[in-house]
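Coordinate-derived values only; no laboratory data. The model shown is predicted, which means the values in this text are computed figures rather than measured ones. Neighbour counts are summed over all protein chains in view; Cβ atoms, including those assigned to glycine, are modelled from backbone coordinates with ideal geometry.
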Amino acid sequence: MSRTRLENPSRRGVIKAGAAAGGLALSFSTLASAHAKGGRDQALSAYVRIAPDGIVTIVAKNPEIGQGVMTSLPMMIAEELDVDWSQVRVEQADNNPAVFGRQVAGGSTSTPLNWEDLRRVGATARAMLLDAASQTWGTPVGECATASGAVSHAASGRKATYGQLCAKAATCVIPDPKSLRLKDPADYRIIGQPIAQADTPKIVTGKPLFGIDVRLPGMLYATYEKAPVFAAKVAAADLAAARSVKGVRKAFIVEPPPPMAGGLGGPLSGLLPGVAVVADSWWSAKKGREQLNIRWAEHPTATQTSADFDVRAAALAASPPERNLRKDGDFTAALKTASAKVEASYAYPFISHATLEPQNCTARFTGGKLEIWAPTQMPEMGRQLVASTLGLKPDDITIHMTRCGGGFGRRLMNDYMVEAAWIARASGAPVKLLWSREDDLRHDFYRPAGYHFLQGGVDPSGRLIAWRDHFVTFGQGEQFASSAQMNPLEFPARFVPNYALDVSLIPLGVPTGPLRAPGSNAIAFVVQSFIDELALAASADPIEFRLKLLGDHGLVGEAPGAYHAGRMRGVLKAAAEMSGWGKTALAHGMGMGVAFHFSHQGYFAEVVLASVSDQGEVKVHKVWVAADVGRQIVNPSGALNQVQGSVIDGISEALGQKITIEAGRVVESNFNDYPLLRMPDAPKVEVKFLKTDFPPTGLGEPALPPVVPALANAIFAACGVRVRSLPIDPAALKPTAKAA
Amino acid sequence: MGYRLIINGKSYDADVDGEMPLLWAMRDALGIVGPKYGCGIGYCGACTVHMDGVSVRSCQVPVSAIGPARITTIEGVGAGDVGRRVQAAWSALDVAQCGYCQAGQIMSATALIAANPKPSDADIDAAMAGNLCRCATYVRIRAAIKLASGQPQEA
Ligand code: FES
Ligand code: FES
């Protein structure tokens, strides 16, 4: 989930077709040289199978984590193939980059990276079926038409289903990609329709779908205990006591080889030391684990605490920054000329992904080969990690991708996969490793905490002329901790003439990594809250002030970092209109706040209506979202669900989520002390998609970032207290706290 | 040895320790994996099943405490009229994102409507507060409960 890169490579199509069980099996690969690194071509492909009974099986290439791509990607193929969705069966692909190319759930990239190719897969198959009909009937292709999975010839009244034609089609010449004509969007019958997820019937009846549901003959169950101080080694453990527990088969210490270089999560990713307990049920393994009485070796990061990080950050802010990341104009000189100035410091905590399905993986090692069933967002990285850690050839590892009970970036890391592989090999039986919730919350790759020390100035005409951010984050030397960096193009860079972004780093012994809308999920809070402070200082309406800041620019900068100010103005005005901004009389204790943010190529503006009680309790009543993700929403049902879920997820983060480090370890343990938002606190979320003439982009992430500052700004409007630190602390919002 | 359990109208012999929570007896010993593990401390509701029609967190119920009670899980809830309507509403409104919490949500919603055929928003809040949805599909869960109970849904 690093920053999305949206090259639009010119792709040469390579198509393979063959007969499969009497039907047509089509594999379409394209060589995307522009997309490849170091001049190596990268193949992207997808499969369609048509059976004689007319059933069309479409393989979903990417991992499904709840973002809906197992449905929306096959919809693209089905549309151009010209079948009815009711004829389609969706099948989840295994990890196989040689056939499918990039199989990743991350960065909201599934839609933009597959939109062209997958429609061409469908169009190719359709062209071959047309060809088959025209050859069979001796009629020109141009006189034949397709609809609902059949070819017809109007003049002769002939008609044949795809099922009848598929055997012949498999022998037809594969059309030149240049000859393919894609549908006019006005003719779409599947794309743009709200379609329920392909797995819905299985989800509502409780069929085994998830990694945790995998069961193999002779399978054992494992727990794996790692040090609370990250990467500390095992000094001693009472293995015999664990083995004496009924049902326990094995208990052993894992001393991993040195970690694979270049892993996404840095040195704390991959296989870490610990103790495995393997038993005939997970409950027995857990009982065995409770007897281990592990003593952990000393570890240098055992002194780290969240409170010290706060102190350290304040000290760094008082000193000259270590580095400058961006400088436009002369901030210091401009600030002197400002008629209104604001200075403020913002902070946000580490937070956890807390996927509802805890990390787990099932592995079977036989005859030197490894077979893995895993809920993973990045299976190929997992395969490489397992291969290098266990000393296996990547080709000897098969990975089946299960449905994931949530992802949010957590399952980009495959630490649980390499643990399961190691334990299965050492156990001589297939093993399902399952983490407890406590393991999961205490061994995450957290959204890094961060601190921003901001100064800004507005000129007498109400224009923002000076902005400086001293960003204190985590890392060592020049190296940011994973996901702790800030893009120097981040708004309002390029929109403020005198701008400076400085940075200083604090060393960290806690694993970090991308969490849904990485970077953005924190930076939007800081930037859009501080903009509100500046608007207030300039006595300007928050929306008017923002419109002025966006100016009358169109596209600012160049791809991949381009920012379309016009698209942002569009969503901002739409959100103002939807919410009745400035036209609604609000009761005492209620307030509206606004914010916008651009990430993952999507433009989002959101307005929150919230109230603050005399006890400082915050209630979010309604959120209005205006979104611009281009000209086409592939599946409006999934799209709306993603946006509503992202918005409530953001509110949940803002209201309750915080991971605290003490003595080098995570304090929080489970949902009792790491509260997620629940039904009574879920607001209504009204969403409008503006259709603009740009290619469609993804929706798994970009709706989240603006809701956090929109809520903070609404709280200010409601009670006059500025939220500068997350999560929101009700005690700070009480009238008594205000007076103090 | 072991415990006789009646789950979804079928009788099972679970050869497990009495202190083993029903959730693990079902998932690991009996292969009934619809009920999910999310927290193990009664805070998420992913493991929700019915004991004689009442919602319980199966991670909190030791097998020894079940006795003759009849257990219903997501695999069997569709055999009843309310359960079938709730499942249909969940499908019609495409409630799920990842889907992991939804077995528990459907079980809680079914118990709610069985006891209270036309639940108000406040009733829904109270009955569903124990079921976390990490993907935050709450807007659709509420709408699906309204649909299943024959009440108008708000947008
Ligand atoms: S697993 Fe039982 S309530 Fe969470
Ligand atoms: S749908 Fe993912 S946890 Fe509810």
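Under the 0.36 nm per residue contour assumption, what length would be gained going from the current alpha-carbon distance of A:L555 and A:D693 to full extension?
Taking 0.36 nm per residue and subtracting the Cα distance, the gain is 48.3 nm.
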Protection proxy ranking of A:388-396, A:667-675 - average other beta-carbon atoms within 10 Å, highest first: A:667-675, A:388-396
Please give every one of the aspartates and glutamates within straight-line cross-link reach of A:K61, meaning a C-alpha to C-alpha distance under 18 Å, and leave out same-chain neighbours fewer than 8 residues apart. A:E79, A:E80, A:E91, A:D94, A:E116, A:D117, A:D199, A:E380
Which order do the peptides A:121-134, A:52-65, A:141-154 come out in when sorted by mean C-beta neighbours inside 10 angstrom, highest first? A:121-134, A:52-65, A:141-154
Descending packing, highest mean Cβ count within 10 Å first, for B:8-21, B:82-95 is B:82-95, B:8-21
Amide H of B:G45 versus every other amide H placed in the peptide plane: which residues, excluding those fewer than 5 positions away on the same chain, fall under 5 Å? B:L132
What residues of region A:318-336 lie in the reach of a label at A:N487, counting those whose backbone N is under 16 Å from a point 7 Å from the Cα along Cα→Cβ? A:326
Which pairs, out of A:K202/A:K286; A:K622/A:K691; A:K548/A:K684, put more than 28 Å between their alpha-carbon atoms? A:K202/A:K286; A:K548/A:K684
Using a 7 Å offset from the Cα along the Cα-to-Cβ direction at both A:R181 and B:A92, what is the distance between the two label points in nm, to one decimal? 4.1
Within 10 Å of each Cβ in peptide A:283-296, how many partner chain Cβ atoms are there on average? Round it to a whole number, please. 2
Applying 1/(1 + (r/R0)^6) with R0 = 56 Å to the Cβ-Cβ distance of B:D81 and A:K573, what FRET efficiency is obtained, to the nearest 0.05? 0.70
In region B:49-88, what is the volume of the convex hull around the alpha carbon atoms, normalised per residue and reported in Å³? 70
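Grab the other residues whose beta carbon is less than 12 angstrom from that of A:Q103, score K and R as +1, D and E as -1, and report the net.
Overall, the nearby charge balance is 0.
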Express in nm, to one decimal, how much length is gained between A:E662 and A:Q476 on full extension, taking 0.36 nm for each residue of separation and deducting their alpha carbon distance. 64.9 nm
Ignore the peptide's own chain and count Cβ atoms of other chains within 10 Å of each Cβ in A:273-282; give me the average, rounded. 2
Which aspartates and glutamates have a Cα less than 17 Å from the Cα of A:K573, not counting those fewer than 8 places away in the same chain? A:D532, A:D541, A:E544, A:D552, A:E606, A:D628, A:E686
Using a Förster distance of 25 angstrom, determine the FRET efficiency expected from the C-beta separation of A:A147 and A:A167, and round it to 0.05. 0.75
Which helices of chain A meet both criteria: a Cα extent of 20 Å or more along the helical axis and a mean Kyte-Doolittle score no lower than 1.0, with helices taken as whole DSSP H segments? A:520-537
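Grab the other residues whose beta carbon is less than 13 angstrom from that of A:K226, score K and R as +1, D and E as -1, and report the net.
-4
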With Cβ to Cβ distances under 12 Å as the rule, what net charge do the other residues near A:I633 carry (K, R +1; D, E -1)? +2
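Efficiency by 1/(1 + (r/R0)^6): what FRET value for A:A318 and A:S461, r their Cβ-Cβ distance, R0 = 30 Å, to the nearest 0.05?
The value I calculate is 0.35.
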With 0.36 nm assigned to each residue of separation and the Cα-Cα distance removed, A:S156 to A:K233 gains 19.9 nm
What number does region A:567-643 give for Rg over Rh if you use C-alpha atoms and the Kirkwood radius? 1.05
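How high is the relative contact order of chain A? Use alpha-carbon pairs under 8 Å, at least six apart in sequence, and give a whole percent.
Relative CO of chain A lands at 14 percent.
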Averaged over its residues, how many other protein chain Cβ atoms are within 10 Å of peptide A:402-410's Cβ atoms? 3
Scale the Cα Rg of chain A by the rule-of-thumb value 2.2 N^0.38 Å and send over the ratio, two decimals. 1.02
Principal axis dimensions, region A:74-160 - Cα atoms, whole angstrom, descending: 50, 25, 21
Given Cβ charges of +1 for Lys and Arg and -1 for Asp and Glu, the option among B:M51, B:A89, B:C133 whose Cα lies farthest towards the positive end of the dipole of chain B is B:A89
Checking the cross-link filter: which lysines have an alpha carbon closer than 17 Å to that of A:K178, excluding same-chain neighbours under 8 positions apart? A:K16
Taking only Cα atoms of region B:1-46, radius of gyration then Dmax in Å: 11.0, 32
